[in-house]
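A.B. asks: I have a structure here, written as structure tokens, and I will follow up with some questions on it.
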Amino acid sequence: KYLLELGLTPECKQLISSLPAEKGWVANLLHQYQGFWHTTRQLQAVLTCQNHFQAQETDILLVTTPKSGTTWLKAIVFALTNRVQYPNTDNNHPLLSENPHILVPFLEYGLYIDSQVPNFTTFTSPRLFATHLPLVSLPESAKNSSCKLVYLCRNPKDTFVSLWHFTNKLRTKDMGSNSLEETFDKFIRGVSLYGPFWDHVLGYWKESLENPERVLFLKYEEMKEQPKLQLMKLAQFLGCPFSNEEETRGAVDGIQKLCSFENLSNLEVNKTGKLASGEEYKAFFRRGEVGDAKNHLTPQMIEKLDQITEQKLHGYGLKF
Ligand code: A3P
């Protein structure tokens, strides 16, 4: 009945019947497709997106695993690439009145959800899109075109804690909350939205080493520590470096402040608005800090996550 309500295509229904499934974190099931876990509704969107999306060379794709700082990255890249049109970050800037998820839509969550075929005529170049898709599942045109990919990752402990909080907010009162232990067990087995977390990160990390001009790999922790430096690196990578004149008149600081957690989370729009799908914008702004995981995880959980991270990523030179 649930599958019928979702209006799945016959192709998707048939695929689902052949895929491994597990109970999800919010409701219904997760399906493992091309090695990664998706909700039913999202899987349909992934298939539609894979069949339809035509990347252009000038496109910029922002890629993250959920809760790695997607909202922040969307705000930053929007502000960077639109700064000629919107040089003033204190007044009349779109980010002051609109949530970053509206300004930079998700491919599979927003544009292709429920088998919609999006209208791209309103997009101007460079088109900005976001996705949580793992590298292996990107639409062929995005894999093969020279469009730029910006990947933002976050240490798995804080990502897990953030995801646990977020998914509990999405559960109805009747469902109750998921316990930390139960979700932790799923996370370390890789059964989380777009998980396994480590495989997702590794796919883009390797690609960034092989094709550094195409994939920029950023870390949430480094963005928090040296926001200006990372902003400048990002602008350079996207082919719109800050000029000396911009630097002297404080353009980098302006964007950094505009997109900061303090600023965005306190804007009226982000305190009161919500997505068409129902999620309140404020759910995307919780603490925005590095290291919150230690306030929630037991020393054993921390040790376990560190151990998996070391085991999976260390050989590739990636550390958190
Ligand atoms: P916490 O739950 O640890 O606070 P996503 O945008 O991928 O859904 O990630 C959400 C996480 O990013 C949340 O982490 C949220 O608070 C944090 N975040 C949102 N906006 C931010 C910003 N401007 N700067 C830093 N962190 C931000």
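The values are calculated or read from the model by the stated rules, or taken from the named source; none is laboratory data. A quick note: this is a predicted structure, and the numbers were derived from the prediction, not measured. Backbone-built Cβ (ideal geometry, glycine too); neighbour counts: all protein chains shown.
A.B. asks: Can you tell me which residue is nearest to the ligand (Cβ to nearest atom) among those in segment 198-211 that are in contact (Cβ under 8 Å) with a residue 60 or more places away in the chain, in contact with a Leu (Cβ under 9 Å, 6 or more places away or on another chain) and not aliphatic (A, V, I, L, M)?
C.D. replies: Here the answer is HIS200.
A.B. asks: Which of the residues belonging to segment 112-149 are in contact with a helix residue (DSSP H, G or I) (Cβ under 9 Å, 6 or more places away or on another chain) and basic (Lys, Arg)?
C.D. replies: LYS143, LYS148 - these are the residues of segment 112-149 that are in contact with a helix residue (DSSP H, G or I) (Cβ under 9 Å, 6 or more places away or on another chain) and basic (Lys, Arg).
Let's see how each residue does on (1) modelled with pLDDT under 95; (2) over 20 Å from the mean Cα position of the chain (by Cα); (3) surrounded by 14 or more Cβ atoms within 10 Å (Cβ to Cβ); (4) within 16 Å of the ligand (Cβ to nearest atom):
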| residue | (1), (2), (3), (4) |
| --- | --- |
| GLU213 | no, yes, no, no |
| PRO227 | no, no, yes, yes |
| CYS240 | no, yes, yes, no |
| ASP253 | no, yes, yes, yes |
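Let's see how each residue does on (1) assigned to a loop (DSSP other than H, G, I, E, B); (2) small (Gly, Ala, Ser); (3) under 30 Å from THR298 (Cβ atoms):
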| site | (1), (2), (3) |
| --- | --- |
| THR183 | no, no, yes |
| VAL191 | yes, no, yes |
| TRP205 | no, no, yes |
| LEU234 | no, no, no |
| ASP253 | no, no, no |
| LYS271 | no, no, no |
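A.B. asks: Kindly check whether there is at least one residue in segment 256-276 that is more than 10 Å from the ligand (Cβ to nearest atom), modelled with pLDDT under 95 and surrounded by fewer than 14 Cβ atoms within 10 Å (Cβ to Cβ).
C.D. replies: Yes, that holds for at least one residue.
A.B. asks: Pairs only if they're at least six apart or on different chains, beta carbon under 6 angstrom, first in segment 273-293 and within 25 Å of LYS219 (Cβ to Cβ), second of a type in the set (Lys, Arg) and within 12 Å of the ligand (Cβ to nearest atom); list them, first residue then second.
C.D. replies: ALA283/LYS169; VAL290/LYS224; ALA293/LYS157
A.B. asks: Being β-branched (Val, Ile, Thr) and outside any loop (DSSP other than H, G, I, E, B) is the filter; apply it to segment 67-116 and report the residue that is surrounded by the most Cβ atoms within 10 Å (Cβ to Cβ).
C.D. replies: First pass over segment 67-116, keeping only residues β-branched (Val, Ile, Thr): 70-71, 76-77, 81, 84, 89, 102, 104, 113.
Now restrict to residues that are outside any loop (DSSP other than H, G, I, E, B): 70-71, 76-77, 81, 102, 113.
Details: THR70: 23, THR71: 25, ILE76: 29, VAL77: 26, THR81: 20, ILE102: 16, ILE113: 20.
Looking at residues that are β-branched (Val, Ile, Thr) and outside any loop (DSSP other than H, G, I, E, B), I get ILE76.
A.B. asks: Still on this structure: All but one of (1) of a type in the set (D, E, K, R); (2) surrounded by fewer than 16 Cβ atoms within 10 Å (Cβ to Cβ); (3) within 17 Å of the chain's Cα centre (by Cα) hold for ARG286; state the number of the condition that does not hold.
C.D. replies: (2)
A.B. asks: Going through segment 37-66 one residue at a time, which ones are outside any helix (DSSP H, G or I) and within 16 Å of the ligand (Cβ to nearest atom)?
C.D. replies: Filtering segment 37-66 for residues outside any helix (DSSP H, G or I) gives 37-39, 53-66.
If the condition is that a residue be outside any helix (DSSP H, G or I) and within 16 Å of the ligand (Cβ to nearest atom), then THR39, LEU61, LEU62, VAL63, THR64, THR65, PRO66 are the ones that fit.
A.B. asks: Another question, then. If I filter segment 138-170 down to residues being assigned to a helix (DSSP H, G or I), of a type in the set (D, E, K, R) and more than 9 Å from the ligand (Cβ to nearest atom), which single residue comes out as surrounded by the fewest Cβ atoms within 10 Å (Cβ to Cβ)?
C.D. replies: My answer is GLU140.
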